[in-house]
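Data block below; observations after.
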Amino acid sequence: MTLKSILLAALLASTALPALAQTPLPQDPLDDRSVRRVERMEKVVRELRSIVFQGRDTGKPVVVQPAETEAQILTLGERITDLEQTLQKVNGQNEVLTHDLDQARRDSTEQKGRAEALEARLAALEAKLTTMETAAVQVAAETPAPPAPPADPAVAFKQARQFLLDGDYANAEAAFSAYVANYPDTPRTPEARYWLGETLFVREAYGDAAGAYLGAVRGWPQSSWAPDATLKLSRSLVALKKPADACKTLD
């Protein structure tokens, strides 16, 4: 080696030493984070070994459940419980609705039955009314019209008296009323009023009877029927709840 080569090598060495001094040393591959990870793994291994040994000693299978799975199971259990409660409420509401629907159907059936019964009763009443109206029309058609009053007052009076003797008070009333209206001034008009009152009194038409008796006794006729007419007038007034007026007629 020449002197030049030796000097060059020395120069390079002198320049390289400071550079080597400034270059940092490589770090330890097991830094703090790696150490903590290793410690956690060792802890897990120890726990697994303990579980395995415990299963071997007890003879029961080893079941390892992560904490997240258990929490999910609890959540699912709560949801199932909520669903069961909701289903119970829905079932209860369905039972109430079913009961209400059945009751509404029964009420509708009862109302329909009552409506049908009412319609049947109305139909029966309408049929009865129709029958009665038909019968009334037939009776009216079959009933003869009252005979016309005779032109002779004596004949008219005799005819009216005959109706009375036969007990035909309706025709007797009509005949005596016609006599009084047609012959107001004959000697027998007061007596006709008396007999008219009799036809009304026996049928308890006391108001009209009192008017007929009063017309008969006006002027105090001297006849055999006058006292009875006065008495019947008083009795008619009593029936009309006029006792004071009844007493005056007897004074």
Selection from the stretch 187-218 of residues assigned to a helix (DSSP H, G or I) and among the β-branched types (Val, Ile, Thr) yields THR189, THR199, VAL217
Looking across the stretch 224-240 at residues that are in a helix (DSSP H, G or I) and of a type outside the set (A, V, I, L, M), the single one that is farthest from the chain's Cα centre (by Cα) is PRO227
Looking at this structure, is GLU198 at positive phi and among the charged types (D, E, K, R)? no
Within the stretch 203-251, the residues that are on the phi > 0 side of the Ramachandran plot and of a type in the set (Lys, Arg) are LYS241
Pairs returned, first residue in the stretch 169-184 that is over 15 Å from ALA216 (Cα atoms), second residue that is polar (S, T, N, Q), beta-carbon separation under 6 angstrom, 6 or more apart or interchain, are TYR169/THR199; ALA172/THR199; ALA175/GLN159
Selection over the stretch 204-218 where residues are in contact with a helix residue (DSSP H, G or I) (Cβ under 6 Å, 6 or more places away or on another chain) and not hydrophobic (A, V, I, L, M, F, W, C) yields a count of 4
With criteria (1) of a type outside the set (Lys, Arg); (2) at positive phi; (3) in a helix (DSSP H, G or I), GLU173 comes up short on (2)
Among (1) part of a helix (DSSP H, G or I); (2) touching a helix residue (DSSP H, G or I) at 6+ places or on another chain (Cβ under 7 Å); (3) not polar (S, T, N, Q), PRO221 falls short only on (1)
Exercise for review: Determine, yes or no, whether THR98 is assigned to a helix (DSSP H, G or I), modelled with pLDDT of 85 or more, farther than 30 Å from GLU191 by Cβ and of a type in the set (S, T, N, Q).
Suggested key: yes
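The values are calculated or read from the model by the stated rules, or taken from the named source; none is laboratory data. This is a predicted model, so every value here is computed, not measured. Because the Cβ atoms are built from the backbone with ideal geometry, glycine has one as well, and the counts that use them run over all protein chains shown.
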